Amino acid sequence: MTSEVSGSGVAALRLASARAERRPCAPVRDLLPEGDIATAYAVQSVWVGQRIAAGATAVGRKIGLTNPAVQRQLGVDRPDFGVLLDEMACSAYAPIDIGRLLQPKIEAEIAFVLAHDLDGDGEIGPAEVVAATGHVVAALEIVDSRIADWDISIVDTVADNASSALFVLGDQPVPLDGLDLPSCAMTLWRDHEVVSKGLGSDCLGDPLTAVAWLATTARDLGHPLRAGEVVLSGALGPMVPVSPGDGFRAAITGVGEVSASFSGGAS
């Protein structure tokens, strides 16, 4: 067994133990080749495969680290992606038990729901994303690093399924026709206080660009985006810490609103 295989296996076990014991762990970057994104995605795939084997269903992907403010918060400089599972989806109409989470933060973004596959052999750009999209909705993603104190590098977050945890989708589907996504303004409130603001242009310049990047990357890795999948396109503003009892509402102009509340446990 090579040290790389051994290291990735230990990394997967370390993250699995953090989830099972509900206790953040040390970073896994010390176990993996420095800057080796491919090996980090292999670690991510181990966990996804285990969840699917246990009965979960993959329902989409999330794009992370698309917003410069979030990149600065986490000290990274490129996007990444993770897999969304059905067990991660939450309703806006029932409080989320914060006991499911370790050190959660929340961010607002635009979710794409695909009507067609995005797996062509040629270039996948914004036009192809528009053609494949059925509608968009406002979304909240609850991110939650299993790494203690969010002390993460790009390798750590990729291995940890892009630091994803849960998500909430709005119930106001909107077609892309006529939407100027870079100009869409996002406001996120905690109760009555504005805690995050941003524009569609804060997501790699345009959320369509982010989804095109994901579609190309996923296709090249052999797991292309499929019709029916949900794509969380990336944060439109800085992440905000979540505590028990918090209630959040996000509004994205032209797209709609979405809310989430939290109860129980300890953050």
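The values are calculated or read from the model by the stated rules, or taken from the named source; none is laboratory data. These numbers were taken from a predicted model, which means no experiment stands behind them. Note: ideal-geometry Cβ built from the backbone for every residue, glycine included; neighbour counts use all protein chains shown. All accessible areas refer to the heavy atoms of the entire protein, side chains included, with ligands and DNA or RNA removed. Shrake-Rupley method; radii C 1.70, N 1.55, O 1.52, S 1.80 Å.
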Net dipole in debye of segment 1-137 [+1 Lys, Arg Cβ; -1 Asp, Glu Cβ; about Cα centre; nearest 20]: 720
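With a 1.4 Å probe and every protein chain left in place, work out the accessible area per residue of segment 123-214 in Å², rounded to a whole number.
Working: 3310 Å² over 92 residues.
Accessible area per residue, segment 123-214: 36 Å².
Taking the Kirkwood radius as the inverse of the mean 1/r across Cα pairs, report the Rg/Rh of the chain.
0.95
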- prompt: Which of Ala215, Thr253, Ser8 sits closest to the plus end of the dipole of the chain, meaning its Cα is farthest towards the positive end, when Lys and Arg get +1 and Asp and Glu get -1 on the C-beta?
  reply: Ser8
task: Could you go through segment 221-237 in sequence order and give the Karplus-derived ³J(HN,Hα) for each residue, using 6.51 cos²θ - 1.76 cosθ + 1.60 with θ = phi - 60°, rounded to whole Hz, and x for Gly and Pro?
output: 8, x, 10, x, 6, 10, 3, x, 6, 9, 10, 7, 7, x, 5, 9, x
query: Along each of its three principal axes, how wide is the spread of alpha-carbon positions in segment 1-91, in whole angstrom units, largest first?
result: 42, 36, 25
- prompt: From the phi of every residue in segment 187-192, what ³J(HN,Hα) in whole Hz does the Karplus formula 6.51 cos²θ - 1.76 cosθ + 1.60 yield, where θ is phi - 60° and glycine or proline is x?
  reply: 10, 10, 10, 9, 6, 10
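Taking the Cα centre of segment 186-233 as origin, work out the dipole magnitude from +1 charges on Lys and Arg Cβ and -1 charges on Asp and Glu Cβ, in debye rounded to 20.
Numbers: 4 positive and 6 negative charges, 25 e Å.
Value, rounded to 20: 120 debye.
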field: Residue-averaged 222 nm ellipticity for the chain, from DSSP H runs of 4+ at -39500 (n - 2.57), nearest 500
entry: -8000 deg cm²/dmol
message: Quick query: amide H of Gly228 versus all other amide H atoms, modeled in the peptide plane; which residues come in under 5 Å with a sequence gap of 5 or more or a different chain?
response: Leu114, Ala115, His116
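Rounded, prolate or oblate, given the Cα gyration tensor of segment 173-261, with a/c below 1.5 counting as rounded? Show your work: numbers first, answer last.
Values: a/c = 2.09, a/b = 1.64, b/c = 1.27.
Prolate is the answer for segment 173-261, as a/c is 1.5 or above and a/b outweighs b/c.
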message: When a/c reaches 1.5 or more, the comparison of a/b and b/c decides; with that in mind, is segment 101-212 rounded, prolate or oblate per its Cα gyration tensor?
response: oblate
message: If I histogram all Cα-Cα distances within segment 40-171 using bins 5 Å wide from 0, what percent of pairs lands in each bin?
response: 2, 9, 17, 22, 21, 18, 8, 2, 0
- prompt: Applying 1/(1 + (r/R0)^6) with R0 = 35 Å to the Cβ-Cβ distance of Gln50 and Asp30, what FRET efficiency is obtained, to the nearest 0.05?
  reply: 0.95
- prompt: Along segment 162-174, what does the Karplus equation 6.51 cos²θ - 1.76 cosθ + 1.60 (θ = phi - 60°) give for ³J(HN,Hα), rounded to whole Hz, x for Gly and Pro?
  reply: 6, 6, 8, 9, 9, 8, 10, 9, x, 10, 10, x, 10
statement: Under the rule rounded for a/c under 1.5, else prolate if a/b exceeds b/c, else oblate, using alpha carbon gyration tensor axes a ≥ b ≥ c, segment 55-105 is classed as oblate
task: In a Gaussian network model over the chain where Cα atoms closer than 10 Å are linked, find which of Ala115, Ala127, Ala215 has the largest mean-square fluctuation.
output: Ala127
